[in-house]
2 protein chains.
Amino acid sequence: MAEKQKRESRGFMLKQRAFLKLYLITLMEKKKAYGLQILDTLTETFKPFGYQPTHSAMYEALYDLVEDGILHRQEIVPPHDRFKKLVYYQFTDDGADRAEIYKKQLKEEIDRCQGLLQQALKDNFG
Amino acid sequence: MAEKQKRESRGFMLKQRAFLKLYLITLMEKKKAYGLQILDTLTETFKPFGYQPTHSAMYEALYDLVEDGILHRQEIVPPHDRFKKLVYYQFTDDGADRAEIYKKQLKEEIDRCQGLLQQALKDNFG
DNA sequence: GAATGAACAGGTTGTTCATAA
DNA sequence: TTATGAACAACCTGTTCATTC
């Protein structure tokens, strides 16, 4: 009955989703924030590199972190509210610990990707 | 009537396809080769980085280069043939020139990606 | 307009099957 | 088994639409 089978990564580059999750964790360590606020920060950070993430990419990453049990949602109705709600995110009880584990993985993954790119420069532009 | 609309890249990482095309060009500069032979070479090169491209990924990249007018196919029936055919690839007349242009683009793209990864290391593990 | 969210569409990539010697 | 190729399925990502203030 339509067993959905997993697909293995062949280990090329890290995925945008993972990359954004890493940044979201680090931003949350600094201070609580809500969606589009975060996106603005990221957009500024990545502008020099010609990377402009979409809002849906960011939301997907955010949902992932909630599903991973790292963050939880906190809806806030701002005072003098002009807006219905803002959704702030912050760490769950053991979220910080889990986040550390995730970050450690990503560190290795980024190092690996840099190695691969470095090798490509050597091999193709020797 | 179902105008198929292009999707723009938001400029995250370079794609596997482009990465492989770059390697294929460089390998072809060194010597003619056929599909699975190339894959073996690539597999060896990338093994230290945990990247193992599939044969279909490589074929796709190869077809792309043919469509770009950079390479052309040359079917060869090997002497004492145990196999029906091997498909060797080599540069078209202006293929080498086009290849240089492509390589220049990829050089910039790889530099950009390295910058992005470097920034991520600084921002998240600084 | 700012903000969140979901649906949809397009493209890339990994797995599998087909064919041939 | 080696080699090429194609079909298919899963996934990722970008665009668009819906909704609320």
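The values are calculated or read from the model by the stated rules, or taken from the named source; none is laboratory data. Remember, predicted model here, so these are calculated numbers, not experimental data. Cβ placement follows ideal geometry from the backbone for every residue including glycine, while neighbour counts extend to all protein chains displayed. Accessible surface is based on the protein model in full, side chains and every heavy atom, while ligands, DNA and RNA are left aside. Shrake-Rupley method; radii C 1.70, N 1.55, O 1.52, S 1.80 Å.
Tabulated data
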quantity: Complete set of residues in region A:49-67 that are surrounded by 14 or more Cβ atoms within 10 Å (Cβ to Cβ) and more than 12 Å from residue A:17 (Cβ to Cβ); calculated: A:49, A:50, A:51, A:52, A:66
quantity: Pick from region A:1-27, criterion near DNA strand C (Cβ under 8 Å from one of its atoms) and among the charged types (D, E, K, R), ranking: most open to solvent (accessible area, probe 1.4 Å); calculated: A:7
quantity: Residues located in region B:28-48, provided they are away from DNA strand C (no atom under 12 Å from the Cβ), open to solvent by 40 Å² or more (accessible area, probe 1.4 Å) and not β-branched (Val, Ile, Thr); calculated: B:29, B:30, B:31, B:32, B:34, B:37, B:40, B:44, B:47, B:48
quantity: Filtered residue count, region A:107-126, keeping only those that are within 7 Å of another protein chain (Cβ to nearest Cβ) and either open to solvent by less than 30 Å² (accessible area, probe 1.4 Å) or in contact with a Leu (Cβ under 6 Å, 6 or more places away or on another chain) (or both); calculated: 9
quantity: Unique residue being of a type in the set (A, V, I, L, M) and open to solvent by 50 Å² or more (accessible area, probe 1.4 Å) when the list is A:70, A:101; calculated: A:101
quantity: Residues within region A:38-97 that are outside any helix (DSSP H, G or I) and more than 30 Å from residue B:108 (Cα to Cα), tallied; calculated: 27
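For (1) more than 8 Å from DNA strand D (Cβ to nearest atom); (2) more than 21 Å from residue B:91 (Cα to Cα); (3) touching a strand residue (DSSP E or B) at 6+ places or on another chain (Cβ under 8 Å); (4) at pLDDT 95 or above, each residue gets a yes or a no:
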site: B:3; (1), (2), (3), (4): yes, yes, no, no
site: B:6; (1), (2), (3), (4): yes, yes, no, no
site: B:9; (1), (2), (3), (4): no, yes, no, no
site: B:19; (1), (2), (3), (4): yes, no, no, yes
site: B:23; (1), (2), (3), (4): yes, no, no, yes
site: B:27; (1), (2), (3), (4): yes, no, yes, no
site: B:32; (1), (2), (3), (4): yes, no, yes, no
site: B:36; (1), (2), (3), (4): no, no, no, no
site: B:40; (1), (2), (3), (4): no, no, no, no
